[in-house]
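Novice: This is the structure I have questions about; it appears just below.
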Amino acid sequence: MQPVNAFRGKVVPLPTSDVDTDQIIPARFLKTIEKLGLGENLFNDWRYLADGSPNPDFVLNQPRANGGSILLAGDNFGCGSSREHAPWALLGYGFKAVISTSFADIFRNNSLKNGLLPIIVDEDTLQQLFDRAARDDSLEVTIDLRSRTLTLPGGRRVSFPVDSFSRQCLLEGGDQLSYIQQKMDAIVDYEAGSANALDTLA
């Protein structure tokens with residue numbers, strides 16, 4: 001996983017609330033345990049018509065989405081079933097972050113473990129961004145994980161929550177397993193000490 005710190009990205013607006021994981025990546029695409037290629041099926045049933053051609057009304061098929069790396073979504077994004085494929089598909093498309101007023105807990109945790117930033121903002125900030133995006137197809141914002149801030153057009157900075165452990169893993173480009181692996185010497189020493197203590201008691 002690549003380290004995440006500060007980046008500036010183009011915003012892609014999806015003003016829909018309660019987008020569930022089956023809409024993000026339909027169940028029929030979950031047969032794979034590989035992350036590669038899932039970006040092609042992101043929002044598949046909205047993105048493509050029945051004949052397989054791109055739906056021109058869906059935002060990802062419009063010029064404004066080209067180069068987009070930050071998804072702007074409605075409330076309660078990622079609800080539904082607990083599929084890790086959902087953040088995989090978003091990352092596979094090229095998104096680095098999703099901005100919303102709330103996320104389903106399982107989706108949020110899966111995202112943080114895979115390098116996708118779920119950024120929670122207040123309703124006024126989200127609406128301001130949607131309004132700006134409606135007027136500006138090339139709207140960009142800056143995200144700084146180290147300071148936990150989102151910088152809006154005009155320079156206003158908004159803080160967003162992320163727990164310290166997830167933040168540290170993302171900054172280092174690691175996950176829970178790599179964190180444990182970094183502590184292996186201490187773990188081995190502790191286990192050896194516990195074994196010695198048990199031998200003494202015996």
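Novice: Treating only the Cβ of Lys, Arg, Asp and Glu as charged (+1, +1, -1, -1), what charge dipole size does segment 88-142 show about its Cα centre? Round to the nearest 20 debye. Provide the component values of the computation, followed by the final result.
Specialist: Details: 5 positive and 8 negative charges, 70 e Å.
Roughly 340 debye for segment 88-142.
Novice: Distance from the Cα centre of segment 124-154 to that of segment 31-83, in angstrom?
Specialist: 21
Novice: Next question. Near Leu145, within a Cβ-to-Cβ distance under 14 Å, what is the net charge of the other residues, with Lys and Arg +1 and Asp and Glu -1? Spell out each step's value before the answer.
Specialist: Numbers: positive: Arg8, Lys96, Arg146, Arg148, Arg157, Arg167; negative: Asp144, Asp163, Glu172.
Combined, the nearby Lys, Arg, Asp and Glu give +3.
Novice: Between Phe29 and Asp75, what is the FRET efficiency for a Förster distance of 22 Å, r being their Cβ-Cβ separation, to the nearest 0.05? Could you put the intermediate results ahead of the total?
Specialist: On the way: r = 25 Å, r/R0 = 1.14.
After rounding to 0.05, the efficiency reads 0.30.
Novice: Within 13 Å, Cβ to Cβ, of Asn76, how many net charges do the neighbouring residues add up to if Lys/Arg are +1 and Asp/Glu are -1? Kindly include the intermediate steps, with their values, before the conclusion.
Specialist: Values: positive: Arg108; negative: Asp18, Asp20, Asp75, Asp105, Glu123.
Residues near Asn76 contribute -4 overall.
Novice: Sorted by accessible area (1.4 Å probe), largest first, how do Glu123, Glu34 line up? Intermediate values should be presented prior to the final figure.
Specialist: On the way: Glu123 145, Glu34 110 Å².
Of Glu123, Glu34, the descending order of accessible area is Glu123, Glu34.
Novice: Please identify, among Ile120, Ile106, Ile33, the residue showing maximal mean-square fluctuation in a Gaussian network model of the chain using a 10 angstrom Cα cutoff.
Specialist: Result: Ile33 has the largest fluctuation of those listed.
Novice: About the Cα centre, and with charges only on the beta carbon of Lys, Arg (+1) and Asp, Glu (-1), how big is the dipole of the chain? Nearest 20 debye, please.
Specialist: Numbers: 19 positive and 26 negative charges, 113 e Å.
Roughly 540 debye, rounded to the nearest 20.
Novice: Work through the residues other than Gln23 whose Cβ is under 14 Å from its Cβ and net out their charges, Lys, Arg +1 and Asp, Glu -1. Write down the numbers at each step before the final one.
Specialist: Working: positive: Arg28, Arg47, Arg83; negative: Asp18, Asp20, Asp22, Asp45.
Value of the local net charge: -1.
Novice: GNM, the chain, Cα, under 10 Å: largest mean-square fluctuation among Leu49, Leu60, Leu171?
Specialist: So, out of Leu49, Leu60, Leu171, the one fluctuating most is Leu49.
Novice: Starting from the amide H of Leu72, placed 1.01 Å from N in the peptide plane, find each other amide H under 5 Å away whose residue is 5 or more places distant or on another chain.
Specialist: Val12, Leu14, Ile99
Novice: Once Rh is set to the Kirkwood radius over Cα pairs, what Stokes-Einstein translational diffusion coefficient, in µm²/s, holds for the chain at a temperature of 4 °C and a viscosity of 1.567 mPa s?
Specialist: Values: Rh = 18.3 Å.
Using the Kirkwood radius from Cα pairs, D works out to 71 µm²/s.
Novice: If you don't mind, another one. Can you work out ³J(HN,Hα) from phi for every residue in segment 60-66, in order, using Karplus 6.51 cos²θ - 1.76 cosθ + 1.60 and θ = phi - 60°, giving whole Hz and x for Gly and Pro?
Specialist: Karplus-based 3J(HN,Hα) across segment 60-66 equals 5, 9, 9, x, 4, 7, 4 Hz.
The values are calculated or read from the model by the stated rules, or taken from the named source; none is laboratory data. Owing to the predicted nature of the structure, the values given are computational and were not obtained by experimental measurement. We place every Cβ from the backbone using ideal geometry, glycine too, and count neighbours over all the protein chains shown. Ligands, DNA and RNA are excluded from the accessible area calculation, which covers all protein heavy atoms including side chains. Shrake-Rupley method; radii C 1.70, N 1.55, O 1.52, S 1.80 Å.
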